[in-house]
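This report concerns only the one structure given below.
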Amino acid sequence: MISLRVNGRTVQVDAEPDTPLLWVIRENLKLTGTKYGCGVAACGACTVHVGGNAVRSCSLPLSAVGNQPVTTIEAIGADRVGKAVQVAWIKHDVPQCGYCQSGQVMTAVDFLKKKKHPTEAEVIESMGGNLCRCGTYERIKAAVLDASRSLA
C-alpha cells in the first residue's frame, strides 16, 4: 500500500511504484476527470498538479510523487485561480467535445499561478503543449486571458 495526498485527503492505494499516476487516479481512486490521451506525455489530456506544478500523469510513476500533494480537475475549483479559470472556460464556451479540457484547465491554472499578467503570445506558448482535436485554441486563449484579468 502506498499513501498519497489527493485533492486534500490522504488515501491508500494498492499499486506498484512504477504504475503511472494516471492509472492510480482513474482506476484506484475512480477520479475519471483526468483523461488518457496518448500515453507518452505528448497531448496534455492527463495533466494534473503534483506539488503545485502541472505534470503529465500518464508518464509519471507513482514513486515519483512521494509526499507531494496531487490535485486533479475534480478539486481545482476550490482554488481561487482554478475557480477563475473554470468561470472563464464557461463564459467563453471553450469545450466542444470536452475530452482535452481537464488537461487544458490544469495547465492554464498552473500557468496563471506563475504568470499573473500574461501577454497573448505567452498564453499561446504556455498552452501549446496541450492538444485539442476540436481546435478550440482561440477560445482557450480568450478564456486564459479573461481569467487573468479577473484575478487582477
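The values are calculated or read from the model by the stated rules, or taken from the named source; none is laboratory data. None of these values were measured; they are calculated from a predicted model. Glycine gets a Cβ as well: all are built from the backbone with ideal geometry, and neighbour counts include every protein chain shown.
For the reader, a short list of remarks on this structure follows.
- Selection from the stretch 57-90 of residues that are among the basic types (K, R) and more than 22 Å from K141 (Cα to Cα): none
- Counted residues, the stretch 113-135 - those being assigned to a helix (DSSP H, G or I) and without any contact (Cβ under 8 Å) to a residue 12 or more places away in the chain: 4
- When C38, C46 are screened for being under 30 Å from A15 (Cα atoms) and in contact with a Phe, Trp or Tyr (Cβ under 8 Å, 6 or more places away or on another chain), only C46 passes.
- If only residues of the stretch 4-59 that are of a type in the set (A, V, I, L, M) and touching a Pro at 6+ places or on another chain (Cβ under 8 Å) are counted, the one that is surrounded by the most Cβ atoms within 10 Å (Cβ to Cβ) is L21.
- In the stretch 1-24, the residues that are under 17 Å from R56 (Cα atoms) reach residues that are at pLDDT 95 or above and of a type in the set (F, W, Y) with C-beta atoms within less than 8 angstrom, at least six apart or across chains, in these pairs: L22/Y36.
- Looking across the stretch 66-112 at every residue that is under 16 Å from C134 (Cβ atoms) and free of Cβ contacts under 8 Å to residues at least 40 places away in the same chain, the one that is surrounded by the fewest Cβ atoms within 10 Å (Cβ to Cβ) is identified as C97.
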